[in-house]
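The values are calculated or read from the model by the stated rules, or taken from the named source; none is laboratory data. None of these values were measured; they are calculated from a predicted model. Positions of Cβ are backbone-derived with ideal geometry, glycine not excepted, and every protein chain shown enters the neighbour counts. These accessible areas exclude ligands, DNA and RNA; they are computed on the full protein's heavy atoms, side chains included. Shrake-Rupley method; radii C 1.70, N 1.55, O 1.52, S 1.80 Å.
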Amino acid sequence: MSDPDLPQPDQVDGAPHPRETARLFGQDNAEATFLKAYSAGRLHHGWLLTGAKGLGKATLAWRIARFLLATPPDAGDGLFGAPPPPTTLDISPDHPVARRMLALSEPGLFLLRRGWDDKAKRLRTQLTIEEVRKLKGFFSLSAADGGRRVVIVDAMDELNTNAANAILKLLEEPPANTTLLMVAHQPSRLLPTIRSRCRELRLAPLDAEDMARALGQAGAELRSDDAQALAALSSGSVGAAIRLLNHDGLRLYADLVALLGTAPRLDRPRAIALGESTAGKGKEARLDLALSLTDTLMARLVRTGVTGLPPAPEAAPHEAEILARLAPNPHSARRWADLAQHAGDRARHARAVNVDPAALVLDLVLQLARAA
């Protein structure tokens with residue numbers, strides 16, 4: 001299936017790989033929808049798992065694959081002494097299929113993801129036709145126990161044009177007893193002909209309770225207040241929440257809010273220190289996070305002005321008070337929305353021409369202060 005020693009493009013730093021994740025939180029509706037189709041004998045050959053990054057789409061794909069390859073084909077019809085329809089996708093970790101999948105040695109499963117570029121010594125930026133062509137060898141093998149094959153594509157958003165057309169042909173002429181589980185972060189960007197040949201399972205953002213449980217499973221230790229803030233700032237994405245934890249994102253957002261609270265008399269030394277914390281080798285991820293959290297802050301300002309109420313819960317100390325003061329009405333919301341567009345374009349241009357990260361962040365903070 002894959003070389004486990006190479007970097008894995010489908011794994012978030014600091015989190016277990018989706019195949020190693022024991023439980024999936026907050027996605028009961030998606031699981032129930034699949035089980036209902038399975039039990040009714042309407043198992044579609046192509047399933048599109050959609051939603052924002054980090055909601056658990058890949059984890060759900062592995063859960064479905066494990067279930068399909070470990071469940072006899074006649075299970076669930078309730079006839080002639082067969083067991084009743086399954087009510088969960090859970091498969092015992094001691095099951096042979098589960099053990100083989102964990103070791104990336106299950107013959108009935110093919111994992112299609114970005115490959116390794118031996119010449120550049122890094123992962124490819126796209127999922128190429130060369131990777132898709134490896135499916136030909138997979139389909140030439142005899143079917144695994146139960147006669148099923150499963151292909152996980154993670155992620156469809158990374159397919160180049162030729163690879164996307166190859167997947168489309170596979171959906172048009174699916175091999176017998178084969179199920180394709182396709183992760184898609186932005187399904188609207190896929191070929192309409194691909195979307196029309198798939199059944200969609202849409203995953204929902206996690207609330208604070210499910211976020212805390214999911215992060216606990218990933219080994220994170222946090223307070224209940226942190227779980228609420230992480231759910232708010234990550235838009236309910238576990239993957240995004242783990243990135244926030246990896247780079248001290250809660251403190252970074254709190255610093256941005258506190259700086260904005262000093263406007264119009266901006267605390268310049270504090271602003272300069274914030275910018276410098278994103279500069280230097282190995283700080284690229286923190287810079288990206290600072291820009292993303294600035295966008296989030298402006299979006300929360302806009303929402304405050306439009307609704308007349310700060311977003312709840314607070315994601316930083318005194319956030320509600322500061323947002324209410326700076327965005328008291330719809331007119332101010334429009335001003336913040338215009339700034340968000342302008343500042344975002346300016347930041348993207350600055351990154352494209354390699355502006356010093358500290359100067360870039362300081363410029364953003366100054367724009368916020370002027371707007372305040």
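Roll a 1.4 Å probe over the protein heavy atoms and report the accessible area of Arg346 in Å², nearest 10.
Accessible area of Arg346: about 110 Å².
Do any of Lys57/Lys136; Lys136/Lys283; Lys134/Lys283; Lys169/Lys283 go past 31 Å between their Cα atoms, and which?
Where the Cα-Cα span goes over 31 Å, the pairs concerned are Lys136/Lys283; Lys134/Lys283; Lys169/Lys283.
When only alpha-carbon atoms are used, what values of Rg and Dmax, in angstrom, describe segment 81-218?
For segment 81-218, the Cα radius of gyration and maximum Cα-Cα distance read 17.3, 57 Å.
If ligands, DNA and RNA are left out, what is the accessible area of Ser188 with a 1.4 Å probe, given in Å² to the nearest 10?
Accessible area, nearest 10 Å²: 100 Å².
Report, to the nearest 10°, how far helix 57-70 tilts away from the longest principal axis of the Cα atoms in the chain, using its own Cα long axis and a range of 0 to 90°.
Taking the Cα atoms of the chain, the angle to 57-70 is about 10 degrees.
What number comes out for the charge environment of Gly305, summing +1 per Lys or Arg and -1 per Asp or Glu over other residues with Cβ under 13 Å away?
Its environment carries a net charge of +4.
Could you give the length gained on full extension between Asp338 and Arg351, defined as 0.36 nm per residue of separation minus the Cα-Cα distance, in nm?
Between Asp338 and Arg351, full extension yields an extra 2.7 nm.
If the reach is capped at under 19 angstrom between alpha carbons, list the lysines near Lys281, excluding any in the same chain fewer than eight residues apart.
none
Would you please give the residues with an amide H less than 5 Å from that of Gly46, counting only those at least 5 places away or on a separate chain, with H modeled from the backbone geometry?
Amide H neighbours of Gly46, under 5 Å, 5+ apart: Leu180, Arg199.
Given a Förster distance of 30 angstrom, what is the FRET efficiency for Ile272 paired with Lys119, based on the Cβ-Cβ distance and rounded to 0.05? Intermediate values should be presented prior to the final figure.
Details: r = 41 Å, r/R0 = 1.38.
In this case the efficiency is close to 0.15.
Quick one: in segment 201-260, what % of C-alpha pairs are over 18 Å apart?
Beyond 18 Å sits 28 percent of the P(r) for segment 201-260.
Which whole-Hz ³J(HN,Hα) couplings does segment 161-168 yield from phi under the Karplus relation 6.51 cos²θ - 1.76 cosθ + 1.60, θ = phi - 60°, glycine and proline marked x?
Taking θ as phi minus 60°, the curve returns 4, 5, 5, 4, 5, 5, 5, 4 Hz for segment 161-168.
What full-extension length gain, to one decimal in nm, is calculated for Ala32 and Leu366 as 0.36 nm per residue of separation minus the Cα-Cα distance?
Details: separation 334, 0.36 × 334 = 120.24 nm, distance 4.90 nm.
Length gained between Ala32 and Leu366: 115.3 nm.
So, R0 is 22 Å and r is the distance between the beta-carbons of Phe139 and Ala22; what FRET efficiency does that work out to, to 0.05? Don't skip to the end; give the middle numbers.
Details: r = 30 Å, r/R0 = 1.38.
Working from the Cβ atoms, E equals 0.15.
Would you mind working out the magnitude of the charge dipole of segment 153-284 relative to its Cα centre, with +1 at each Lys and Arg C-beta and -1 at each Asp and Glu C-beta, to the nearest 20 Debye? Before the final figure, lay out each step's value.
Working: 15 positive and 17 negative charges, 69 e Å.
Charge dipole, segment 153-284, about its Cα centre: 340 debye, nearest 20.
At a Förster distance of 51 Å, what's the computed FRET efficiency of Thr161 paired with His318, Cβ-Cβ distance as r, to 0.05?
Efficiency, rounded to the nearest 0.05: 0.55.
Using Cα springs under 10 Å in a Gaussian network model of the chain, which residue among Glu173, Glu200, Glu209 shows the largest mean-square fluctuation?
Comparing Glu173, Glu200, Glu209 in the GNM, the peak value goes to Glu173.
As I understand it, the dipole of the chain uses +1 on the Cβ of Lys and Arg and -1 on the Cβ of Asp and Glu, about the Cα centre. Which of Pro86, Thr193, Leu6 lies farthest toward its positive end?
Result: Thr193, furthest along the dipole toward the positive end.
Could you state the principal axis extents of the C-alpha atoms in the chain, from the largest down, to the nearest angstrom?
So the extents along the principal axes, rounded to whole Å, are 76, 48, 37.
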